[in-house]
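Input: a single structure, listed below in C-alpha cells.
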Amino acid sequence: MYALGVMAQSLWVKTVSEKSGVSFEMPGKPNLRNQDTDKISSEVFSLKDAVNVFGVVASDFSKMGLNFTYSDPSEYYKEMRDASLVSSDAVLISERSVAYQKMLGKEITYAQLVGKHEYTYYKRFFFRGNFIYQFAIGGPSRMKNILLDKKNLYFNSIHFLDVQTKE
C-alpha cells in the first residue's frame with residue numbers, strides 16, 4: 001500500500017507561487033484565480049480530481065499593514081473558521097493545532113452535505129508574514145480512506161518559500 005502512495009504522488013504536479021511564497025503538490029495542475037477584495041489580494045488555486053477537491057488560498061494583508069509575525073492571528077483564525085462553516089448543514093468535527101517548522105497553524109475537520117452525500121473536509125490555516133494561507137481537501141465521507149491518504153500526501157507537500165515580507 002505504501003508503494004502505491006509513492007507511485008501516486010509521483011504523478012502529482014508541484015505548483016510554486018513566488019508571489020505568495022508557497023509550494024504544494026496536487027494530482028494535476030490547479031486552476032489559478034487572482035482575487036482582490038478591498039485591500040486584500042489573494043491567489044486561489046483549485047483542483048477537482050475524480051474523487052476529491054483541493055484548494056489553496058493565499059491572502060496578502062500587506063496593504064492593510066498586517067504582519068502576522070508580530071501580531072496575534074486568533075481573531076482572524078476564528079473568522080476564517082466560521083466562514084468555512086457558513087453552510088447551514090456544515091458540522092465542525094474537530095479543531096486542533098498543527099506545527100510546520102517553527103510555525104503554529106490550525107486544522108479543522110468538518111462535514112457537509114453536497115447534494116445527497118456527506119463530504120468531509122480538512123482545512124489548515126497558517127499565518128506567516130503578511131499572508132494567511134488556507135489549504136483544504138475534501139471528498140465523500142464514504143471514501144474516507146482515499147481522502148486520508150491524499151490528505152497526508154497533500155499536506156506533507158506544502159512548503160513555504162523564503163521570501164521577504166513587505167513592511
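The values are calculated or read from the model by the stated rules, or taken from the named source; none is laboratory data. Not measured: the values here are computed from a predicted model. Positions of Cβ are generated from backbone atoms using ideal geometry, with glycine treated the same way; all protein chains shown enter the neighbour counts. Areas reflect the complete protein model, heavy atoms only, side chains present, ligands, DNA and RNA absent. Shrake-Rupley method; radii C 1.70, N 1.55, O 1.52, S 1.80 Å.
Scan 154, 121 and give me the residue that is farther than 16 Å from residue 21 by Cα, in contact (Cβ under 8 Å) with a residue 60 or more places away in the chain, open to solvent by less than 40 Å² (accessible area, probe 1.4 Å) and in contact with a Phe, Trp or Tyr (Cβ under 7 Å, 6 or more places away or on another chain). Don't jump to the end; show me each part of the working.
Values: 121 fails: in contact (Cβ under 8 Å) with a residue 60 or more places away in the chain.
None of the other options fit; the residue is 154.
Every residue, every condition in (1) acidic (Asp, Glu); (2) more than 30 Å from residue 11 (Cβ to Cβ); (3) open to solvent by 20 Å² or more (accessible area, probe 1.4 Å); (4) touching a residue at least 60 places away in the same chain (Cβ under 8 Å), yes or no:
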site	(1), (2), (3), (4)
48	no, no, yes, no
57	no, no, yes, yes
72	yes, yes, yes, no
78	no, yes, yes, no
113	no, yes, yes, no
137	no, no, no, yes
143	no, no, yes, yes
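Would you check which residues across region 82-92 are in a helix (DSSP H, G or I) and either in contact with a helix residue (DSSP H, G or I) (Cβ under 9 Å, 6 or more places away or on another chain) or surrounded by fewer than 10 Cβ atoms within 10 Å (Cβ to Cβ) (or both) and list them?
Taking region 82-92 as the starting set, the residues that turn out to be in a helix (DSSP H, G or I) are 82-84.
Answer for region 82-92, where residues must be in a helix (DSSP H, G or I) and either in contact with a helix residue (DSSP H, G or I) (Cβ under 9 Å, 6 or more places away or on another chain) or surrounded by fewer than 10 Cβ atoms within 10 Å (Cβ to Cβ) (or both): just 83.
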ask   = How about region 114-126: which of its residues are more than 13 Å from the chain's Cα centre (by Cα) and part of a strand (DSSP E or B)?
value = 114, 117, 118, 119, 120
inquiry  = For the structure I just gave you, tell me whether residue 106 is open to solvent by less than 80 Å² (accessible area, probe 1.4 Å), touching a residue at least 40 places away in the same chain (Cβ under 8 Å) and of a type in the set (D, E, K, R).
reply    = no
task = Give the number of residues within region 59-70 that are surrounded by fewer than 16 Cβ atoms within 10 Å (Cβ to Cβ) and outside any loop (DSSP other than H, G, I, E, B).
result = 2
inquiry  = Any residue that is over 21 Å from residue 38 (Cα atoms) and among the aliphatic types (A, V, I, L, M) - is there at least one of those in region 112-132?
reply    = yes
query = Among 123, 106, 78, which is the only one that is within 24 Å of residue 48 (Cβ to Cβ) and not β-branched (Val, Ile, Thr)?
reply = 123
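Does region 14-40 hold any residues that are of a type in the set (A, V, I, L, M, F, W, C) and modelled with pLDDT under 95, and which are they? Steps first, please.
Of the residues in region 14-40, the ones of a type in the set (A, V, I, L, M, F, W, C) are 16, 22, 24, 26, 32, 40.
Scanning region 14-40 gives a single hit, 40.
Can you work out which of the residues in region 127-155 that are of a type in the set (Ser, Thr, Tyr) and in a helix (DSSP H, G or I) is nearest to residue 102 (Cα to Cα)? Please lay out each step first, then the result.
Step one: list which residues in region 127-155 are of a type in the set (Ser, Thr, Tyr), which gives 133, 141, 154.
After this cut, where a residue has to be in a helix (DSSP H, G or I) as well, the list is 141, 154.
Working: 141: 32, 154: 19 Å.
Per the stated criteria, the residue is 154.
Among the residues of region 93-132, which ones are farther than 20 Å from residue 152 by Cα and touching a helix residue (DSSP H, G or I) at 6+ places or on another chain (Cβ under 9 Å)? Please lay out each step first, then the result.
So in region 93-132, the residues farther than 20 Å from residue 152 by Cα come out as 112-118, 127-132.
If the condition is that a residue be farther than 20 Å from residue 152 by Cα and touching a helix residue (DSSP H, G or I) at 6+ places or on another chain (Cβ under 9 Å), then 117, 118, 127, 129, 130, 131, 132 are the ones that fit.
Could you identify the single residue in 50, 111 that is in a strand (DSSP E or B), of a type outside the set (S, T, N, Q) and over 15 Å from the mean Cα position of the chain (by Cα)?
Numbers: 50 fails: in a strand (DSSP E or B).
Checking each option against the conditions leaves just 111.
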